[in-house]
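Read-outs throughout are calculated quantities, based only on the coordinates presented, and are distinct from any laboratory measurement. Values in this document were obtained by computation on a predicted structure and should not be read as measured data. A quick note on method: Cβ atoms are made from the backbone with ideal geometry, for glycine too, and the neighbour counts reach across all protein chains shown.
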Amino acid sequence: MILSKIFKNTLVVIVACLVLSACATKKEATIDSIGGQIQGDVYTGTEGVKYLADGVPDRVFFATNESILTTASRETLRAQAAWLRKNSDINVVLEGHADERGTREYNLALGERRANSAKDYLMTYGISSDRISVLSYGKERPIDSGSTPLAWSKNRRSVTVKAN
Amino acid sequence: MLIKKIIILSVLLILPTKVFALIEVDITRGNLNPLPLAVSPLSIDDKSKKSFEEILKKENIGSEISIIVENNLKISGLFNPLNKDAFLQAPDIANLKPRFEDWNLIKAQALITGKVTYVDEKLRVEFRLWDVLAAKEMMALAFTTVPSNWRRVGHIISDKVYERLTGEKGYFDTRIIYVAEEGPKTQRIKKLAIMDQDGFNNKFLTLGNELVLTPRFNPASQMVTYLSYFKNLPRVYLLDIETGTQEVVGDFPGMTFAPRFSPDGKKIIMSFAKDGKSDIYTMDLENRIVEKITNHPSIDTSPSYSPDGKYITFNSDRSGYQQIYVMKNDGSNVKRISFGKGLYGTPVWSPRGDLIAFTKLHKGKFYIGVMRTDGTGERLLTENYYQEAPSWSPNGRVLIFYRETKTDNKGEGFSAKLWSIDLTGYNERLVETPTDASDPSWSSLLSN
Amino acid sequence: MNRSIIISSLLHGALIFITAMSLPFLAKKPLNIPPIVSVELIQIAEKTNIPFAPKAKKIIEKVKEKEKKLVSEQAPPKKVKKTKTKTVVSLDQNNEKIENQVPKAIPLPEKTIKKIETKKETKQNPEKVDNEVKQVSEFEKKDLFDPNSIAALIDKSKVDSAKVIKKNNDITQNQDKNIVTSGLTLSEEDALKAQIFGCWSIPLGLPYNENLLVRIKLKLEPDGSVVKTEILDHARMNKPGQGFYKVLAESALRAVKLCQPLRVPTSGYERWKELQLNFDAREMLEG
């Protein structure tokens, strides 16, 4: 009686293990499927991206609730810094945005924080803070109106816009 | 001593009969159905009827007012106004002396009757509330006002009835300020709009040339503070509803947002964002003195005062994630109060002072909930794809908030609407607005 | 590499084994349920006690509870001691109070505090009351207002219950007579309750965290129609800040009116010609 119980339980535990591990592999699969455009929650595609000059994309993307610059973002910003150094008469506005999955007021602050982290990086590459202003739109101006993780990732951005 | 003994003895002798005579029965259950009541159309004489027909273009102002009352009471979820077709007694006679048996027959437990007259170019309304089962009058009141105020009269009557039958103040003679939305999601046009609590008398206060967000009433419900992107500079503004004058609040070298009035109406509390961090500031509207309340590298926003003005609740991501905090009004004694799973935002202190309403994001769902001011007793009232920004009714029983829908796979089908829900979690209702709507803020009671 | 695989598989095996072994305990859980059920049984038993529990005592207990709360605020440490030694006697004092209070119905708090205090001083009557039910309710009461003395009460309960059983044997026959003539039987009470439950529209706006209890005394005709209703805390009706109480009281009166004639027993008019209804909406509003 007791033995059979233990046996049954062992079976249950093993099945549970298998089920759980099955879940884990499935998840990886879904990440892979959109992996072409999102890496670690950050958009890596080019949809909606404009160019300030040849090879100088206008925007960088962020992970959910984050304002940390990725390697790709830093590369973009270095290109922008180089372009700004060449065109010293141009001033820019950094427009920070958030996705729709947050409260409005917090997202306004988050957009400001994102634009500022881009601004700080430009400044470390020698761009004067006088030439950069910052503006947050929070979640008010998405570029993709979708309600999918991909759409949200496109909207979490800081866009460099010519001010003059 | 002897007397005492005699008393005790006699007590013991009488005791059995006395004790057994009174049987007690505990009634701990009842029905939770809304109270059935009858709103008899207010009676009106022919002469007054004609006068009002000319002035207000309403055929029968008496029944129009009673419809307002009926609708308000129904929306509250606490009352069940009965169908007028079943009424046996004519309005004019009912107002003099209701035949209670008749009203009892249709199962009405309360009855509202009244009379409208045109006196000296004014609208005079008297109304009575009757307890049908006890066969007695519970309340009788009369109002005189300019005819154009007829809807407000309906709301005031509703408030009085609500207060008499529930024991707490009503919330019908109130307005709601909100952001009216139009256009595609990526280029939304937003205007300030104001309407009566029941959706009537809708008015737009801005033209939609610039983005406006998060309007909030002052305690007197005459002023509104909000965020405007006028000239692409997001700043907190102040708008006088009566005069239409607008002004920027304070002189900040950057974005100010998330404004609210202090409970005495003398200060505005808001966030100021600079260099990637947002702190909470207040500005005194009389002497223009600006005070910094929080000073932390994190995002501190959505501040809201307690009704006594002594405390401030706000949300901050200083712990790494958005959570709710409470502090004294000078910024000291900061304490985190939200410890549940998920992110917490938009805390708003209830008018009664005992609860804080909030928005919660957990596992991809948004919730509107309430907790006590020390963070205990968290109750989630409603769950949805996206909803946020609760605002309290002045009596603290109902919350209004906005809800956005998920778009389809083409990115279409987006809408934003206002909803209300009882503190109990029951009676969730769509609040009708002419356009899409968000960021509602409930005024205080206009009459008092 | 191999070693780590072995260790890993060993550890995993151990983990599975431990989990498997621990599960039978979970399976045993249902066995723990009976005690819970027995707790419920006690409550039911209490209810079936109703016929021989003079219900009026409960009011007094309640009133006393309130008073004791007041008293306990003044001198909390003393009281615990007293409960151990003098409860039985104090019950006797209750009887006196019943006489004093039931007819008047609304004792003023201040006066009754004094009463209790004086009674405590005179608590030397060695008389024991032959009604064990009172003790039961005394227990409840203590539980309610002094959780610290629970331990003491548990000890005491053993002794007392023993007494109770003894007494029961002695008096059962007497009691039986009382049972018939005292309260309503369970089915009679249930019929009445069920009827009033249906008539009472609980005011939905009431705060569920406030202590709102409305007690109404009824005078009845033999056919169950209500001759007279009296709200026992009538003074509270028109006090400022008691709006909710008033609303609840009015709803209770409406319920009684709506229910007329009440479903009363067909016989024994004498025992129920006066009836008290205690309306308490908390249970419903909380749920």
For peptide C:250-256, what's the mean number of Cβ atoms from other chains within 10 Å of each residue's Cβ?
5
Which far-off residues, 5 or more places away or on another chain, put their amide H under 5 Å from the one on A:LEU52, with H placed in the peptide plane?
A:ASP58
Evaluate peptide B:175-185: per residue, the Cβ atoms of other protein chains within 10 Å of its Cβ; return the mean as an integer.
1
Using the charge dipole of the range B:175-442 (Lys, Arg: +1 at Cβ; Asp, Glu: -1 at Cβ; taken about the Cα centre), state which of B:GLY342, B:PRO307, B:ALA273 has its Cα farthest towards the positive end.
B:GLY342
Using 7 Å Cα-to-Cβ label points, what is the A:GLU66/B:ARG124 separation (nm, one decimal)?
7.4
Which of the helices in chain B meet the span-like rule: DSSP H, Cα axial reach of 27 Å or more, Kyte-Doolittle mean at least -0.5?
B:2-21
Would you calculate the separation in nanometres between label points at A:ASN91 and C:SER267, each defined as 7 Å from the Cα along the Cα-to-beta-carbon direction?
10.2
What is the average number of partner chain Cβ atoms found within 10 Å of a Cβ in C:195-204?
6
Order by protection proxy (mean Cβ within 10 Å, highest first), peptides B:89-101, B:356-368, B:246-258:
B:356-368, B:246-258, B:89-101
Go ahead and run the numbers for FRET between B:ASP308 and C:ASP223, Cβ-Cβ distance against an R0 of 35 Å, rounding to 0.05.
0.05
Dipole magnitude of chain B about its Cα centre (Cβ charges: Lys, Arg +1; Asp, Glu -1), debye to nearest 20:
1060
Sort B:TYR344, B:TYR385 so that the residue with the fewest other Cβ atoms within 10 Å of its own Cβ comes first and the one with the most comes last.
B:TYR385, B:TYR344
Going by average Cβ density within 10 Å per residue, which order do the peptides B:262-270, A:82-90 take, highest to lowest?
B:262-270, A:82-90
